[in-house]
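The values are calculated or read from the model by the stated rules, or taken from the named source; none is laboratory data. Quick caveat, the model's predicted, so the values are computed rather than measured. Glycine gets a Cβ as well: all are built from the backbone with ideal geometry, and neighbour counts include every protein chain shown. Heavy atoms of the whole protein, side chains included, go into the accessibility calculation; ligands, DNA and RNA do not. Shrake-Rupley method; radii C 1.70, N 1.55, O 1.52, S 1.80 Å.
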Amino acid sequence: MIQAKGYAALSVKAPLTPFAFERRDPKDYDVVIDIKYCGICHSDIHMARNEWGSSMFPMVPGHEIAGVVSAVGSRVSRYKVGDQVGVGCFVDSCRECANCKRDLDQYCLEGNTLTYSSLERDKSSVTQGGYSNVIVVHENYVVRIPNALPLDKAAPLLCAGITLYSPLMHWKAGPGKKVAIMGLGGLGHMGVKIAAALQADVTVLSHSENKREDAMKLGAHHFVGTHYQKVFKDYANTFDLIINTVSADINMNDYFGLLKTDGTLVSVGAPEKPYAISPFPLLMQRRSYAGSAIGSIKETQEMLDFCAKHKITPEIEVITPHSVNEAYERVLKSDVRYRFVMDMARL
Ligand code: NAP
Ligand code: ZN
Ligand code: ZN
């Protein structure tokens, strides 16, 4: 076994503490990755607090992993020692269902194996994530980080980047499309950058008026402060596509009214409590409400290559792993510009 160290929540809502654990020795197709950086996603906080009811403890969170290959199994063909690689939200899937076969492995019909707090497929152990110094992953679930992307800035792309890239591509954000991003946090700010690179007309819908200037610098064309109820009238019937990245409970019915006829609002944000949704703002203008989860491994690679080509990287604040608990508090206060990334060498 490989001796690993990291930060873990030992029980629900407990502050994260230093934690020693074991990783499997590499099997034939496994890649051993020396983790250099790991982003802090709001999902890590939902999970550490068991807000979605699926958490297992002790839990080493982290699914925005960027590192360097330090060893490979005997049959690995895609990667070699020294390669820059990343791992996102899942580390395995059934590989046989219709979705796995058509590169929709994020929607594996058997359920994929999440990077942490998930049973391995052979049910022998529970996965542990990237708030650690090393991880062992089957090569099919590892992506290549182009050399043009520095590892610290690449880390948040593995979840925040792909989670916005996938719906923006699926619902065809592009020239002539009015796209709004709800919430300017880790996911939201990636959405602004990617939608702008796709040449859509981009609006930020934010409850933090003090993010107005940042939104424009990040590439948004418009900023709408949602704490004024009046804006829901002023901007009624405006957008073709709205992506909701908000991590908290909000009145979705207000936002549906901002869609044009036949427009779509896609939720990627996953608050603890269900929304109260009225069918009226949807049925009145044949609007759609949809959801989207991360992206496939193939699409994650495509997104990394897209970001390298368009020079898109997140705005990050690099911290030491020892300040993870303070970082969580700041994320909860929407006080992060715009992603915390832990320097795992300082573990
Ligand atoms: P984040 O950095 O905390 O950003 C969330 C943003 O939501 C905040 O910056 C804030 O933006 C807005 N917000 C927070 N509280 C609010 C409130 N009370 N009212 C209105 N707006 C509020 O979080 P994140 O890492 O981007 O993650 C966002 C959500 O997506 C989380 O629920 C996470 O679990 C989920 N997620 C889903 C997927 C997926 O595959 N579907 C993947 C990753 C994460 P403003 O200050 O601009 O209003
Ligand atoms: Zn995430
Ligand atoms: Zn499958």
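Scanning region 236-252 for residues being over 25 Å from the mean Cα position of the chain (by Cα), more than 12 Å from VAL179 (Cβ to Cβ) and among the polar types (S, T, N, Q) gives a total of 1.
Conditions first: (1) more than 16 Å from ligand 2 (Cβ to nearest atom); (2) touching a Leu at 6+ places or on another chain (Cβ under 9 Å); (3) part of a loop (DSSP other than H, G, I, E, B). HIS63 passes all but one, so which condition is the exception? Among (1) more than 16 Å from ligand 2 (Cβ to nearest atom); (2) touching a Leu at 6+ places or on another chain (Cβ under 9 Å); (3) part of a loop (DSSP other than H, G, I, E, B), the lone unmet condition for HIS63 is (1). TYR116: surrounded by 21 or more Cβ atoms within 10 Å (Cβ to Cβ) and among the aromatic types (Phe, Trp, Tyr), yes or no? Yes: the conditions hold for TYR116. Look at ASP240 and say whether it is surrounded by 18 or more Cβ atoms within 10 Å (Cβ to Cβ) and of a type in the set (Asp, Glu). So ASP240 passes the test. Counting only strands (runs of 3 or more DSSP E) that fall entirely inside region 243-347 and contain at least 1 residues that are open to solvent by 20 Å² or more (accessible area, probe 1.4 Å) and closer than 21 Å to TYR37 by Cα, the qualifying elements are 316-319, 339-343. Got at least one residue in region 265-287 being touching a residue at least 60 places away in the same chain (Cβ under 8 Å), over 24 Å from ILE194 (Cα atoms), outside the structural domain of ASP214 (by TED's automatic domain parsing) and within 16 Å of ligand 1 (Cβ to nearest atom)? No, every residue in region 265-287 fails to be touching a residue at least 60 places away in the same chain (Cβ under 8 Å), over 24 Å from ILE194 (Cα atoms), outside the structural domain of ASP214 (by TED's automatic domain parsing) and within 16 Å of ligand 1 (Cβ to nearest atom). Among the residues of region 80-101, those that are open to solvent by less than 20 Å² (accessible area, probe 1.4 Å) and either more than 16 Å from ligand 3 (Cβ to nearest atom) or part of a loop (DSSP other than H, G, I, E, B) (or both) comprise ASP83, VAL85, GLY86, VAL87, GLY88, CYS89, SER93, CYS97. Of the residues GLU315, GLU302, the single one that is within 25 Å of ILE45 (Cβ to Cβ) and at pLDDT 95 or above is GLU315.
If I ask for residues that are within 16 Å of ligand 2 (Cβ to nearest atom) and in contact with a strand residue (DSSP E or B) (Cβ under 9 Å, 6 or more places away or on another chain), which ones from region 191-247 would you list? Residues satisfying the conditions are GLY191, ILE243, ASN244, THR245, VAL246. Scanning region 25-47 for residues that are part of a loop (DSSP other than H, G, I, E, B) and either buried (at least 21 other Cβ atoms within 10 Å of the Cβ) or outside the structural domain of LEU114 (by TED's automatic domain parsing) (or both) yields ILE40, CYS41.
Yes/no matrix, rows are residues, columns are (1) in the same structural domain as LEU119 (by TED's automatic domain parsing); (2) away from ligand 3 (no atom under 16 Å from the Cβ); (3) open to solvent by 10 Å² or more (accessible area, probe 1.4 Å):
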{"residue": "ASN133", "(1), (2), (3)": "yes, yes, yes"}
{"residue": "HIS138", "(1), (2), (3)": "yes, no, yes"}
{"residue": "VAL142", "(1), (2), (3)": "yes, yes, no"}
{"residue": "ILE145", "(1), (2), (3)": "yes, yes, no"}
{"residue": "PRO150", "(1), (2), (3)": "yes, yes, yes"}
{"residue": "TYR165", "(1), (2), (3)": "no, yes, no"}
{"residue": "MET169", "(1), (2), (3)": "no, yes, yes"}
{"residue": "LYS172", "(1), (2), (3)": "no, yes, yes"}
{"residue": "GLY176", "(1), (2), (3)": "no, yes, yes"}
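The condition (being of a type outside the set (Gly, Ala, Ser), away from ligand 2 (no atom under 16 Å from the Cβ), closer than 27 Å to PHE223 by Cβ and touching a residue at least 24 places away in the same chain (Cβ under 8 Å)) is satisfied by just one residue among LEU104, LEU184: LEU184.
Taking region 123-213 and the helices (runs of 4 or more DSSP H) fully enclosed by it, the elements with 2 or more residues that are in contact with a Ser or Thr (Cβ under 7 Å, 6 or more places away or on another chain) are at 160-170, 186-197. For region 111-122, the tally of residues that are hydroxyl-bearing (Ser, Thr, Tyr), at negative phi and part of a loop (DSSP other than H, G, I, E, B) stands at 3.
Exactly one residue out of GLN106, GLN84 is away from ligand 1 (no atom under 15 Å from the Cβ) and of a type in the set (S, T, N, Q), and it is GLN84. Does TYR29 satisfy the condition of being touching a His at 6+ places or on another chain (Cβ under 7 Å) and among the aromatic types (Phe, Trp, Tyr)? Yes: the conditions hold for TYR29.
In a residue-by-residue description of region 195-203, the property of being in contact with a Gly (Cβ under 9 Å, 6 or more places away or on another chain), under 26 Å from PHE90 (Cα atoms) and open to solvent by less than 20 Å² (accessible area, probe 1.4 Å) applies to at least one position. Please verify whether TYR275 is of a type in the set (Ser, Thr, Tyr), more than 16 Å from ligand 2 (Cβ to nearest atom) and within 20 Å of MET47 (Cα to Cα), treating the condition exactly as stated. Judged against the criteria, TYR275 is a match.
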